[in-house]
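The values are calculated or read from the model by the stated rules, or taken from the named source; none is laboratory data. Worth saying up front: this structure is predicted, and the values here are computed from it rather than measured. Because the Cβ atoms are built from the backbone with ideal geometry, glycine has one as well, and the counts that use them run over all protein chains shown.
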Amino acid sequence: MPLLRSDRRRPSVPPVGAETEDPSLLLVTAEPTLRDDVALLAAVVGARLETFSTWQEAPNRQWAAVLCGPDAPPPESRRDEVLLVTDAGSCADPWALAAEHPPLRPVPLPAGEQWLVDHLAAQVMDRLPGRVVTVMGALGGVGASTVAYLTAAEAAARGMGVLLLDADAGAGSGLRALREQARRAGVLTGASSALDWEELDALDGPLSAAQLTAALAEVDGISLLTGEASEDDAGPRALAAVVTAARRAVDLVVVDAAATPGRAGGPRGSAGGGTPGDRTLRTRRGGRRGDAAARP
C-alpha cells in the first residue's frame with residue numbers, strides 16, 4: 001500500500017520541503033458545533049487544526065489560515081485576515097459583527113462550506129512540502145513517459161514517497177502500458193480496487209490525502225494513477241484535486257503529460273491553464289524540428 005509521509009524510511013538527502021511542518025489552521029471559538037464543523041473541513045483539505053477558546057490561549061506563530069467564531073472576535077491589535085465562521089444558531093448577522101472588527105471575513109455555514117474548503121485548500125497548498133515535476137514531450141514518441149518513470153524510480157530508490165500521474169489521455173500512454181504489464185506479471189500492488197481518472201472525474205467534492213493514498217496501485221515502490229485511453233481530457237478539477245491531495249501525502253509528484261497540451265491525446269486537464277507543476281521537464285527529438293517544438 002502507498003506509504004504516507006510518517007511511515008517512510010527517510011532518504012539520506014532530505015527531499016525539498018522536508019523541513020517544512022504540515023500546514024496548520026487556527027480556530028478560536030468555544031462553540032462545540034463550530035469546532036466540529038471546521039474540524040471536518042480541515043480533515044478534507046488535509047491540514048492540522050488547533051482550536052482554542054480564547055485568543056490569549058492561541059500561540060503567536062504562522063498559520064495557513066486563521067478562523068474564529070462569533071463568540072471570539074479578534075483583538076483590536078490584529079490586522080491580518082480572520083475568517084468568521086458562523087451557523088444559523090451562533091450569529092444572526094455576521095456582516096454586522098465584521099463591520100465592528102475590520103479583519104473579519106464572514107463565512108456563513110453551511111452556505112459557504114464549499115468556498116471555505118476551496119479557500120483553505122489554496123492556503124494549505126502554498127505551504128505543502130511535496131513537490132511536483134511535470135514531464136512533457138514536445139512531440140509524440142520522444143520518451144516523456146520513460147523520463148517520468150525514471151525520475152520517479154530514482155526518487156523512490158532514495159527513500160522518497162512518489163506518486164506517478166499519467167496525464168496523457170492518448171492511446172499510446174506508456175504508463176498505462178506499465179500498469180497493465182505489472183498486472184499481468186502479478187507485481188501490481190497497493191489497493192485491490194485502484195482509482196483511475198474516470199472514477200476521479202465522477203467524484204463529487206474535495207479529495208483528501210487519505211482517500212487518495214488508500215486507493216492507489218503501486219509498481220516498483222511507486223504509487224501510480226492512470227486510466228483508459230480517451231479522446232477527451234480529464235477535467236482540470238480532477239487533476240488539480242489529485243495533485244493537491246498528493247502533495248500532502250508524498251515527497252514528489254511526477255506528472256507524465258507526454259504530448260503537447262491543449263489537444264486530444266494531450267495532458268488530461270490541460271485545457272485552460274496547463275498541467276500543474278513546480279518544475280517542467282520537456283523532452284524532444286534532436287534537430288531543428290525538435291528544437292522548434294520544444295520552444296514555449
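Only one entry in Leu84, Leu97, Leu49 is in a helix (DSSP H, G or I) and surrounded by 16 or more Cβ atoms within 10 Å (Cβ to Cβ), namely Leu97. Taking the numbered list (1) of a type in the set (D, E, K, R); (2) surrounded by 16 or more Cβ atoms within 10 Å (Cβ to Cβ); (3) within 20 Å of Leu281 (Cα to Cα); (4) at pLDDT 90 or above in turn, Glu113 passes all entries but (3).
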